[in-house]
Amino acid sequence: MANPLCDTLFGQHAENDAVFLRLPKGRTQSYRAFLAEAARYANVLTAQGLKPGDRLAVHVAKSPEALALYVACLRAGVVFLPLNTAYTPAELDYFIADSGAALFVCDPDDVAALTPIAASAGCALETLGADGSGTLADRAAAQETEFVTPARGLDDLAALLYTSGTTGRSKGAMLTQQNLLSNAQALVEAWRFTSDDVLLHALPVFHAHGLFVATNTLALAGGALIFLPKFETDTVIQRLPEATAMMGVPTFYTRLLDTPEFTRDLVGHMRLFISGSAPLLAETHERFEARTGHRILERYGMTETSMNTSNPYEGERRAGTVGFPLPGVEAKVCDPETGATLPQGEIGVLEVRGPNVFKGYWQMPEKTAAELREDGFFITGDMARIDADGYVHIVGRGKDLIISGGYNIYPKEIEIFLDDQPGVLESAVIGAPHPDFGESVVAILVPEPGTTPDLAAIEAAARQDLAGFKLPRHFALLDALPRNTMGKVQKNLLRDDFADVFRAQAS
Ligand code: MLC
Ligand code: AMP
C-alpha cells in the first residue's frame, strides 16, 4: 500500500457517491466530491514545494475545505498541525517557530496580524476562510482532481498536535500513521460504526476528539458526518433527528439537559451517545438516562495516545468509569514514585502501551524520555484505579491541569503571565468546579507590598495574550500563598477554599 493510513481511511471511497458531509442549509458533499477536493489541495501543497515530512500549520475555521486540507496532508505525506482558533498571535508565534512549519494557513481576516509571525519563522502564509474562500482555495480551484500519492509507511508522521505542558511550554505530540490508523480501527469495532451511521459532529477539528476520534472513525466505516461549524444547542437539537450517533465533551450533554426541547422522543431513534475529553459526572450520566433512556458511553484518551479505554457497547456502561482498555491497548496502575505496578484496586498513575501511543515530543528528547518509557509505556499523569471487574476509574490528576469545556489549560502558563503583571508579587492558578465548563480558571494573586494590582488592566492584558478559554473567570487577592515545609504551594488547600466560587456565581 502506498499510504496505509490515507488509503485505508479515504482511498476506499474514491468512487463512493454516498454522502460524507451533511452541511448547514441542506447542502451535502459526497465522498467522491470531498476526495476530489482533497486531491486539489494535495496538488497545491506539492506545487508550493511541500515535501513528505514538512509541517503545515493551520489556524482556520471549521469548514469542509479545512477538512479536505487535512486529508490532502495525509495524502501528500505532509504533517498536519492544527491550531485552536482561539489562540492569540502571541500564542501562535511559538507553534509556528517551534514546529518549523513550511506553510501556515490562516483566516483571511488574520493576515495582517500573522504576517510578521510567518515572516520571522521563514514560513509561507496562505489563507482559507470559513466560507471556503482564500488564497489557498483559489490555488486549489486551478488544480487537477488526480493526485499521485507518494509512498508513506506506518511509522511516518501524520500529524503534530501541541499539548500544553506543566512547565508552561507546549509540546508537539508526534502522531504516526500507525497511531491514527490503529485507533480508528479499534473504535469502529468497539463502537460498531458502519456505513449506515450518521454522526452529529459539533466538535472543533483542531483536537484529537473532533479530528481523529470522530472523523477518522466515521471515514473508515464509510458513514456520514453532520458537520456543524460549532456546538450550538438549538442547531444540535434541530439536527439530532437525522443522526444515529453523537460524540461530545461533557459540556455538550449538560447544555442539552438544560434545554426542555431535548426530550426522549427527540432521540428515541439514536444508537449511541459518546462522551470524553473530560470527566463526565456520574450525576450527568444518570440525568441523561432518566431523560432519554440512553446510557452515555464514556471513553478516555489523550492527544498523545488517541483513545485508550472505553465503556462497552454491549454490557454495562458504568457511570463514573472510563471502561476497559481498547483492543491492543494495555493499561496498568503504577506507583508514581517508583513506577512499580500496583496491586489491583490501588490508586496510582495510569500508564498505557499500544499501537496508539505517540512517537514522542517534537524536538524534546528529554521530555519524551521522562514520559515515554523504553518499554513503550506512556505515563499519562492521570491518577486511576482499576476495579475488580476491570473497569478503569480516573480518580484525579497527578499533573497540574485544568480541563474547561474539554480544553486543557496548564496553570503554569497563566501563572507565568500573571507574575509578570505590575503589582503582582506571585500567583497561583487553580481549577474550580463550574456548572457549564466542568472546571474553570481561578487566579489567586499576592500583591507586591504596599500595592493593589489593577485587576481590570490585568484582565485586558490577559485577553490580549491568552486564548479566551484560558482567561481566569475569578480573581482573588491573598497576602500569601499557603506553602508546605518544602516551600511548595499547597494548591489542594486553595482548591478547597475556592471550590464554591462558580457555584455561588451560578445561583
Ligand atoms: C469557549 N469559551 C470557553 C470555552 N470555550 N471558556 C472556557 N472553557 C471553554 N471550553 C469562552 C470564549 O473564550 C468566549 O469568552 C465565550 O466562552 C464564548 O465563546 P464561544 O466559542 O461562543 O463558546 P461556546 O460555544 O460556549 O464553547 C463552549 C464549547 C467549546 C464547550 C462548545 O469550548 C467546545 O467545543 N469544546 C470542545 C473542546 C474539545 O473538542 N476538546 C477535545 C480535546 S482532545 P468571552 O469572554 O470572549 O465571551 C482531548 C483528547 C480526548 O482532550 O480525550 O478527547
Ligand atoms: P488532551 O491533552 O487534550 O488530550 O487531554 C487529555 C486529558 O483529558 C487526559 O489526560 C485526562 O486527564 C482527560 N480526559 C480525557 N478523557 C477523560 C475522561 N473520560 N475522564 C476523565 N478525564 C479525561
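Counting only residues that are in contact with a Leu (Cβ under 9 Å, 6 or more places away or on another chain) and assigned to a loop (DSSP other than H, G, I, E, B), how many does the range 16-43 have?
So the answer is 3.
Can you tell me which residues in the range 166-176 are surrounded by fewer than 23 Cβ atoms within 10 Å (Cβ to Cβ) and in contact with a helix residue (DSSP H, G or I) (Cβ under 7 Å, 6 or more places away or on another chain)?
Hits for the range 166-176 are 166, 167, 168, 170.
Name the residues in the range 216-239 that are touching a strand residue (DSSP E or B) at 6+ places or on another chain (Cβ under 7 Å) and under 25 Å from residue 16 (Cβ atoms), would you?
Hits for the range 216-239 are 218, 223, 224, 225, 226, 227, 228, 239.
Looking at (1) open to solvent by 50 Å² or more (accessible area, probe 1.4 Å); (2) under 19 Å from the mean Cα position of the chain (by Cα), which is the only condition residue 59 fails?
Condition not satisfied by residue 59: (1).
Take the residues in the range 382-411 that are modelled with pLDDT under 95 and touching a Pro at 6+ places or on another chain (Cβ under 9 Å); name whichever of them is surrounded by the most Cβ atoms within 10 Å (Cβ to Cβ).
Ranking the candidates gives 401 first.
State the number of residues belonging to the range 88-112 that are part of a loop (DSSP other than H, G, I, E, B) and in contact with a strand residue (DSSP E or B) (Cβ under 7 Å, 6 or more places away or on another chain).
4
Within the range 322-352, how many residues are of a type in the set (Phe, Trp, Tyr) and more than 24 Å from the chain's Cα centre (by Cα)?
Within the range 322-352, residues that are of a type in the set (Phe, Trp, Tyr) and more than 24 Å from the chain's Cα centre (by Cα) number 0.
Residue check: is residue 80 more than 20 Å from the chain's Cα centre (by Cα) and either surrounded by fewer than 22 Cβ atoms within 10 Å (Cβ to Cβ) or not in a loop (DSSP other than H, G, I, E, B) (or both)?
no
Residue check, residue 115 against (1) within 25 Å of the chain's Cα centre (by Cα); (2) part of a helix (DSSP H, G or I); (3) among the β-branched types (Val, Ile, Thr), all met but one. Which one?
(1)
Can you go through 144, 126 and tell me which one is surrounded by 19 or more Cβ atoms within 10 Å (Cβ to Cβ), more than 25 Å from residue 304 (Cα to Cα) and among the charged types (D, E, K, R)?
On inspection, the qualifying residue turns out to be 126.
Can you list residue pairs whose Cβ atoms sit under 6 Å apart, with the first residue in the range 404-419 being over 25 Å from residue 248 (Cβ atoms) and the second being more than 15 Å from ligand 1 (Cβ to nearest atom) and among the hydrophobic types (A, V, I, L, M, F, W, C)? Count only pairs 6 or more apart in sequence or on different chains.
That search, which allows pairs on different chains as well, returns 418/424.
Exactly one of (1) open to solvent by 10 Å² or more (accessible area, probe 1.4 Å); (2) within 11 Å of ligand 2 (Cβ to nearest atom) is unmet by residue 309. Its number?
Failing condition for residue 309: (1).
Residue-wise test of (1) near ligand 1 (Cβ under 10 Å from one of its atoms); (2) of a type in the set (Lys, Arg); (3) touching a strand residue (DSSP E or B) at 6+ places or on another chain (Cβ under 6 Å).
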| residue | (1), (2), (3) |
| --- | --- |
| 266 | no, no, no |
| 271 | no, yes, yes |
| 286 | no, no, no |
| 291 | no, yes, no |
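Could you tell me which residue of the range 416-427 is farthest from ligand 2 (Cβ to nearest atom), considering only residues that are outside any loop (DSSP other than H, G, I, E, B) and either open to solvent by less than 20 Å² (accessible area, probe 1.4 Å) or in the same structural domain as residue 306 (by TED's automatic domain parsing) (or both)?
That would be 424.
When you look at residue 100, is it at pLDDT below 95 and either assigned by TED's automatic domain parsing to the domain that holds residue 54 or within 16 Å of residue 467 (Cβ to Cβ) (or both), yes or no?
So residue 100 fails the test.
The values are calculated or read from the model by the stated rules, or taken from the named source; none is laboratory data. Keep in mind the model is a prediction, meaning the values are calculated, not measured. For neighbour counting, all protein chains shown are included, and Cβ atoms are generated from backbone atoms with ideal geometry for every residue, glycine included. The area values use the complete protein model at the heavy-atom level, side chains included, leaving out ligands, DNA and RNA. Shrake-Rupley method; radii C 1.70, N 1.55, O 1.52, S 1.80 Å.
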